[in-house]
1. Please list, in chain and number order, the residues 5+ apart from Trp16 or on another chain whose amide H is under 5 Å from its amide H, with Hs placed from the backbone.
2. Roughly how tilted is helix 91-116, in degrees to the nearest 10 and between 0 and 90, from the longest Cα axis of the chain?
3. More than 20 Å apart: what percent of Cα pairs in region 250-431 qualify?
4. Taking H as built 1.01 Å from N, whose amide H comes closer than 5 Å to the amide H of Val339, not counting residues under 5 places away?
5. Distance between the C-alpha centers of region 296-313 and region 417-446? Whole Å please.
6. What is the extension gain from Asn238 to Ile461, computed as 0.36 nm multiplied by their sequence separation minus the C-alpha to C-alpha distance, in nm to one decimal?
7. Taking the solvent-accessible surface of protein heavy atoms with a 1.4 Å probe, what is the per residue accessible area of the chain in Å²?
8. Arrange the residues Arg213, Arg69 by how much accessible surface each exposes, largest first, with a 1.4 angstrom probe.
Amino acid sequence: MTATHVPGLPVIDDGWLISTNPATGEEAGRVPVADEKAVIAAVERAKEAAVWWQGLGFDGRKTRLLRWRTLIVQRIEELAELVHRESGKPLADGTIEAVAAVEHLDWAARHAKKVLGPRRVRTRILVAEHSGHLEYQPYGVVGVIGPWNYPIVTPVGPISGALAAGNTIVFKPSEYTPVTGQWLADTFAEVVPEHPVLQAVHGLGDVGGALCRAGVNKVAFTGSTATAKKVMAACAENLVPVVLEAGGKDALIVDADADVTAAAEAAVWGAMTNAGQTCIGIERVYAVEGVYDQFVEAVVAKAGKLRTGEEIGPITMPRQLDIIRDHIEDALAKGGRAVLGGAGAVQAPFVSPTVLVDVPEDSSEIREETFGPTLTITKVRDADEAVRKANDTPYGLGGSVFGKKNAIRIARRLRSGMVAVNGTLTFVGMGNLPFGGVGESGFGRIHGEDGLREFARAKAITVRRGPSLLPAMTFERTPAQVQQIVKALRLLYGRKP
Ligand code: NAD
């Protein structure tokens, strides 16, 4: 690497993608870059492997997925250390991220059969001579494209669901965290050495684009909204279905009867964990006027204790530093005030915790994804105003509500895929809850039952059980039989409800 290399910026050299630590510039590892031909070849191999993988059935796949789970648990320190070296993420955050990944892997492995396996459905009167059967069949090969901010749990979510459903995977990790991605593929191959069921291909965005066009049967993308649109356009060329997990601008609401200390603790963690580089990170708070002052004071006291280089790691993607600086400057220029950090908070590669108040709703700090350890706190009259402002964004990923009497009602009104009540980000810790957004945050779901069904096609089968008493679907029916069918219909459904 040259002396001018920006720490953390991926480098491609002689066919290798070199990954470096954003704090130190030290090499974290290198992986071979795939060209279009190599991506197509990986998908071809995955297609063949899919025959074997599907043939194992739910039980055979479950055993292997649980073996992979156990291997990850046994080597969790190694994985956290790797993600720390590669992305700068503090070790404790890396460890908790791996714990969440294990939860999703375990849940998907154990529940795929029940959620997706064949079942009888009740017959319906008009075709009473037929029985109904439903099952969910795998797509084949799923392309998984991942981001760098949670390089373990974001790909392991869709990978677990897709594998448990019977698909094989070609995974394109972020160019900022390819070594962590390769670690996932390598450890999987240790427990499933027979066929390339989970492969990683590496490179910049063009390799992700090539994967969308390489003959995969579905794409699970996690990353920015701008890239999500490109992925969807690429997939549209061959009508490849997509699940898109994109950006967010999540809000936390503090209602009048909230435990203010708990709300402040959650807001600080939700906003600053992983240096604020969290899709479901809290970027805005709307606190009602009765608790506002106390809340701001508590947040500043708690966030003020966090140290860069300790709890707050470096910004993984060097160019994000400019975006964070721009947002803070825009907020201050438009009349916002920094009650912690602020102008000068960005000291590459770190950003010190920044809490901003009185920030106008049209500033970029309120409207766009900042992806840094910054938080705006806005005073509102009541929960209605809080909900209106929280929802006034094209994004809709997660959110959080602190309060007692009305908290769940407020949670339901937030335009988002997930909400934590008296907590924050907690929904990502439950393997049995779906995860995904609305609007510019994407669509489709990973995790939970919906996350399993996302990676399988519903297949309906009817089976004749006996002769038709009132044949409807045949040219051999008589006019009298048609009349009888109408009569039966009137008896059944002809009365006003
Ligand atoms: P990104 O969009 O820059 O990159 C994501 C992935 O897409 C990378 O692997 C990249 O190489 C690939 N890519 C880039 N261009 C492509 C193209 N034209 N075709 C196909 N693939 C392409 O996102 P990022 O910076 O890695 O991640 C941060 C973003 O991800 C944030 O916006 C964050 O909110 C979001 N995110 C969302 C979730 C979620 O679950 N909703 C989770 C984590 C991160």
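The values are calculated or read from the model by the stated rules, or taken from the named source; none is laboratory data. Predicted model only: the values in this text are computed from it and were never measured. Here the Cβ is made from the backbone with ideal geometry for all residues, glycine too, and neighbour counts use every protein chain on show. Calculation scope for accessible area: heavy atoms of the full protein, side chains included, ligands and nucleic acids excluded. Shrake-Rupley method; radii C 1.70, N 1.55, O 1.52, S 1.80 Å.
1. Counting only residues 5 or more places away or on other chains, the set is Val33.
2. Helix 91-116 sits roughly 10 degrees off the main axis of the chain.
3. The answer is 46 percent, as a whole percent.
4. Residues meeting the amide H criterion: Val355, Leu356, Val357.
5. For region 296-313 versus region 417-446, the Cα centre distance is 26 Å.
6. 77.6 nm
7. Value returned for the chain: 44 Å² of accessible area per residue.
8. Sorted descending by solvent-accessible area, the residues read Arg213, Arg69.
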